[in-house]
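These notes concern the structure reproduced below.
The values are calculated or read from the model by the stated rules, or taken from the named source; none is laboratory data. Just so it is clear, the structure is predicted and the values come from calculations on it, not from any experiment. Positions of Cβ are generated from backbone atoms using ideal geometry, with glycine treated the same way; all protein chains shown enter the neighbour counts.
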Amino acid sequence: MLLVHPVRILGSFAVPILLATFGLSSGGDGGPPAWIFLLGGAAIAVAFGVASWFVTRYRFTEEQVQLRTGLVNRRVLTAPLDRVRSVDVESSPVHRLLGLAKVKVGTGVDDSRIELDGVSREQAGELRTFLLARSRQAGGAAGPGAAPDGATVPAVAGPDADGGRTSYPGVVPAQPDTELARIDWGWLRYAPFSLSSLVVVAGAVGALLQFGDELPVDQVDVAQDAWRWVVAQAVLVLVTMLVVVIVVGWVVVSTVSYVLTWWNLRVVREGRGNLRITRGLLTTHSQTVERAKVRGARMGEPFLLRLVRGAELTALATGVGAGGATKVLPPAPRAVVTSVGHELLEEDGPLTMQLVGHGPRARRRIHVRRQWGTLFLAAALAVPTYLLDVPFLDRLPDWGPPVLLLVVGALNALVAESAWRNLGHGLTRRHVVVQTGAFVRTREALERAGIIGWVVHQSFFQRRLDLCDLVATTAAGAEQVVAPNIPVPLAVDLARGATPGMLEGFLA
Amino acid sequence: MSPQGMPSARLREPAHRVSPRAVRYWVVNSTIGGVVAWAVMFAIAWFLPEQAWWAVALRWLFVLGMAANVVEVVLEPTIRYRRTRWEVADGKVFVQTGWLSRDQRIAPLSRVQTVDTHRGAIMRLYGLANITVTTASAAGPITIPCLDSDLADRVTAELARITGQTRGDAT
């Protein structure tokens, strides 16, 4: 901790310090030499880090976990232990070098997480067991053994912590764990088909294009006839090379990021039923979600991944922050995803079952809705072209706008058809299942007991077609599951079947 | 797909209308907004160049916007009044809102976290109040708009009483 903080603060101060250093030292002679600024900055960072170590304390009482931080702005975060819903242990490379970890305690509705930074790795593991065991006890009947008195743990695992394990009150001995999944490096072949690392590559390509202006492509017009052919070939070669570079770069980047993120993945159902996910090469993550807080699962099949029969799996839980979704499996074979998903849901079927489609009126609606975009484009092209005198549109060829419209219209029709084909819903003994999406097919299974309300939304046009968007509200995941463009009678049936009694009395 | 023994049905409308004074409140509210919007648009249009094509397009957009403002004042409040309904029955809140679109929301009071009453300045002139009921889901808040102020107090007290009877974290 004493080391982690200054290092991290130094990291976040690095840019300003360097800027200041270069800015001041290049300002002219006579000023103090650059290294003074560097040293000064580093000293300040270290001072800040050490100070924050001195003023950070956490402790556990019978009912609460408390974290005090801040020297000037004092802050005390308190959370009742029975509100603890998830415990994540994270170690960055710096942490791991020093044998430390960061523990994040997720506490429910308001998404404020308590971070205990710089505890020793063993202590982190014990804390996790303790917190989740306590939250379970507090939630249920009184635990075995006497009520513990407040145990205070200093926020440091220094040499003075004498290596002795702090014993936490009321920890139930663990039963053996069952492993649900483990990384299989054969899955690596799915990495390039997932778009999750697209952002990185897009950035790289963007940077490359900065240099594109330097290439002599513009000079094709000026070239002599004899040269023209040669230059044209050169452009072709250049474009081919660029495509190859992008594809190869894509494969490399996506594979590397897959390995970094999912190294050593293990999904474990702990003895008490909690779910634990450990993964990561440089920064290791260990996430534990209490069984009762897992409310469902989401299976995502992006377009490319669908081509090779792969899928991703996410758990929907309450109080885990970041949209309430915890990634469970990387892009992996669909069969693996469905079987692990079913283990997670503790029910067979939701991820493989045949779903009920939303019918011809939904299809019409989706198609019409999609073509609105085409219509807007048509208007945007037609109005300036025929009614107004816009200078730069004169240069377009006459056949340009109609062809563009045709292409866009056809693409929209394809997307709409795909969206309609993917659309569907279903109901099992324990879950409501909804599948949506055109490019990314997403199937969400939400535990029926986790539904805390319904919204039936009908836009003006949906009312004409007797369709609606049925929204199941929940505290888990994105806090809602939407079945779009579902015929009203089907929607009412689904809602009544999923939550018996919630709609009774309001039916016509 | 229909669960056994249950014929397909549809939702009816909730039983109660909101306060009739809501219409006047909505008219006043839309008028204020409309006047401000007209003023801004006239002011901008005044400074637009005469001939530029984008200025012409923008003027047409303004005309559409002004027409929409008129609709908001003349048509929307009465339609909205007819379509806005609410009901608290059997431990559940059921509210319907919207004038062109329609939103029907249902939440059991056992899952309700908070009950708020809100009175804006103009609403107070007309003796109106909104009641908002929130659940543990960000997608789930239910607002009963423009109730008679006294009624709103009674409903809020009743909702809070029923909500307080359930234990657990309501997720």
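Considering region B:129-167 alone, what residues qualify as being hydroxyl-bearing (S, T, Y), in contact (Cβ under 8 Å) with a residue 40 or more places away in the chain and surrounded by fewer than 18 Cβ atoms within 10 Å (Cβ to Cβ)?
Taking region B:129-167 first, the residues hydroxyl-bearing (S, T, Y) are B:132, B:134-135, B:137, B:143, B:149, B:156, B:163, B:166.
In the following step, the residues that additionally are in contact (Cβ under 8 Å) with a residue 40 or more places away in the chain were identified as B:143, B:156, B:163, B:166.
Result: B:T143, B:T166.
Scan region A:185-199 and report the pairs whose first residue is under 12 Å from A:V259 (Cα atoms) and whose second residue is modelled with pLDDT under 70 and in a helix (DSSP H, G or I), with Cβ atoms within less than 9 Å and a gap of 6+ or a chain change.
The qualifying pairs are A:A191/A:S197.
When you scan region A:442-508 for strands (runs of 3 or more DSSP E) that lie fully inside it, which ones turn up with 2 or more residues that are in contact (Cβ under 8 Å) with a residue 12 or more places away in the chain and within 8 Å of chain B (Cβ to nearest Cβ)?
A:451-458, A:467-474
Name the residues in region A:97-150 that are among the small types (G, A, S), modelled with pLDDT under 70 and outside any loop (DSSP other than H, G, I, E, B), would you?
Taking region A:97-150 and keeping what is among the small types (G, A, S), we get A:99, A:101, A:106, A:108, A:112, A:118, A:120, A:124-125, A:133, A:135, A:138-143, A:145-147, A:150.
Filter once more, so that each one left must be modelled with pLDDT under 70: A:108, A:112, A:135, A:138-143, A:145-147, A:150.
Result: A:S135, A:A138, A:G139.
Right, B:T117: more than 25 Å from A:D466 (Cβ to Cβ) and touching a strand residue (DSSP E or B) at 6+ places or on another chain (Cβ under 7 Å) or not?
Here the answer is yes, as B:T117 does meet what is asked.
Given (1) under 15 Å from the mean Cα position of the chain (by Cα); (2) touching a residue at least 60 places away in the same chain (Cβ under 8 Å); (3) crowded, with 24+ Cβ neighbours inside 10 Å, where does A:L344 come up short, assuming only one miss?
(1)
Hey, does region A:399-409 have a residue that's at pLDDT below 90, in a loop (DSSP other than H, G, I, E, B) and farther than 27 Å from A:R295 by Cα?
Yes, that holds for at least one residue.
Can you name the residue in region B:77-101 that is assigned to a helix (DSSP H, G or I) and surrounded by fewer than 17 Cβ atoms within 10 Å (Cβ to Cβ) and, of all such residues, is nearest to the other protein chains (Cβ to nearest Cβ)?
Per the stated criteria, the residue is B:I79.
Go through (1) touching a strand residue (DSSP E or B) at 6+ places or on another chain (Cβ under 7 Å); (2) at pLDDT 85 or above for A:V308 and report which single condition fails.
Condition (1) is where A:V308 drops out.
Confirm whether B:V18 is surrounded by 17 or more Cβ atoms within 10 Å (Cβ to Cβ), away from chain A (no Cβ under 14 Å), under 20 Å from B:I122 (Cβ atoms) and touching a residue at least 60 places away in the same chain (Cβ under 8 Å).
yes
Looking at (1) touching a Lys or Arg at 6+ places or on another chain (Cβ under 7 Å); (2) touching a residue at least 24 places away in the same chain (Cβ under 8 Å); (3) closer than 18 Å to B:T134 by Cβ, which one does B:T117 not meet, given that it meets all the others?
The number of the failed condition is (1).
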